[in-house]
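Asks: My questions will all concern the structure given below.
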Amino acid sequence: MTISNHITLADIHRMPVGQIAALPADQLALLKGAADEQLTQAKSVADWLDGAIALKYADRAQDTRQEAGKDTGTIRFEDDGVTVIAELPKRIDWDQALLAQIAENIASAGEDPAEFIETKLSVSERKYSALPESWRKGFEPARTVRTGKPKFRLVLNEEVR
């Protein structure tokens, strides 16, 4: 009987993060690969189940929503002792060119379009980088750079395998 000295995913939950971080790089890479594979499989199963649930309840949810006089939102109904909560979020898209014209009309009528229309100004990073240095300096006070969550990928070299 041989006992493996490799940590398994089942072991990870019982280990402090510092102890996991101290593992050799090849073990971290193998564990990360195994975790990613399990996550992919779990997401696939969850997507499959979500599809089955949608198939089972979509028509009933639509009927219940219609009976409630709603096009979107959350409704509830019972199915054999289980409360089904069906959410259909409302997503609004505005025609930007048309809104700009409406804003002009509001302004020409002597009103402040900012009371009704929100405006967000931004500069793409590519265009900012292409600006001449003298122009970029003018933009710098309005620019804040934030970082996202760091990501690391561990790739086993062929000789390690």
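A short reminder: the numbers here are calculations on the coordinates, not readings from a lab. Note that the structure is predicted; figures quoted are calculated from it, not measured. For neighbour counting, all protein chains shown are included, and Cβ atoms are generated from backbone atoms with ideal geometry for every residue, glycine included.
Asks: Please determine, by comparing only the residues of the range 122-161 that are part of a loop (DSSP other than H, G, I, E, B) and of a type in the set (Ser, Thr, Tyr), which one is farthest from Glu37 (Cα to Cα).
Replies: The initial filter retains those residues of the range 122-161 that are part of a loop (DSSP other than H, G, I, E, B), namely 122-124, 131-132, 143-161.
The next check asks that each one be of a type in the set (Ser, Thr, Tyr); those that pass are 122, 124, 144, 147.
Numbers: Ser122: 38, Ser124: 35, Thr144: 37, Thr147: 27 Å.
Going through the qualifying residues, I end up with Ser122.
Asks: With respect to Leu88, determine if the residue is under 30 Å from Asn157 (Cβ atoms) and either in contact (Cβ under 8 Å) with a residue 12 or more places away in the chain or among the acidic types (Asp, Glu) (or both). Break it down into steps so the answer makes sense when it comes.
Replies: Details: under 30 Å from Asn157 (Cβ atoms): no; either in contact (Cβ under 8 Å) with a residue 12 or more places away in the chain or among the acidic types (Asp, Glu) (or both): yes.
It is false that Leu88 is under 30 Å from Asn157 (Cβ atoms) and either in contact (Cβ under 8 Å) with a residue 12 or more places away in the chain or among the acidic types (Asp, Glu) (or both).
Asks: While we're looking at this one, here's another question. When residues of the range 102-126 are filtered for being of a type outside the set (Gly, Ala, Ser) and loosely packed, with under 10 Cβ neighbours inside 10 Å, how many remain? Walk me through it before giving the result.
Replies: Applying the first criterion (of a type outside the set (Gly, Ala, Ser)) to the range 102-126 yields 102, 104-106, 111-113, 115-121, 123, 125-126.
Subset that is loosely packed, with under 10 Cβ neighbours inside 10 Å: 115, 118-121, 126.
Residues in the range 102-126 being of a type outside the set (Gly, Ala, Ser) and loosely packed, with under 10 Cβ neighbours inside 10 Å: 6 in total.
Asks: Hey, any hits in the range 12-33 for a residue that's part of a helix (DSSP H, G or I) and touching a His at 6+ places or on another chain (Cβ under 8 Å)? So that I can check it myself, show each step before the final result.
Replies: Narrowing the range 12-33 to residues part of a helix (DSSP H, G or I): 12, 17-21, 25-33.
This time we only want the ones that are touching a His at 6+ places or on another chain (Cβ under 8 Å), so: 27, 30.
For the range 12-33, residues part of a helix (DSSP H, G or I) and touching a His at 6+ places or on another chain (Cβ under 8 Å): present.
Asks: Ser129: loosely packed, with under 10 Cβ neighbours inside 10 Å, over 30 Å from His6 (Cα atoms), of a type outside the set (D, E, K, R) and touching a helix residue (DSSP H, G or I) at 6+ places or on another chain (Cβ under 9 Å), yes or no? Break it down stepwise before answering.
Replies: On the way: loosely packed, with under 10 Cβ neighbours inside 10 Å: yes; over 30 Å from His6 (Cα atoms): yes; of a type outside the set (D, E, K, R): yes; touching a helix residue (DSSP H, G or I) at 6+ places or on another chain (Cβ under 9 Å): yes.
Judged against the criteria, Ser129 is a match.
Asks: Tell me which residues, restricted to the range 65-101, are within 29 Å of the chain's Cα centre (by Cα), assigned to a helix (DSSP H, G or I) and surrounded by 10 or more Cβ atoms within 10 Å (Cβ to Cβ).
Replies: Arg65, Leu99
Asks: While we're here: Being polar (S, T, N, Q) and part of a strand (DSSP E or B) is the requirement here; does Thr119 meet it?
Replies: Working: polar (S, T, N, Q): yes; part of a strand (DSSP E or B): no.
Spelling it out, it is not the case that Thr119 is polar (S, T, N, Q) and part of a strand (DSSP E or B).
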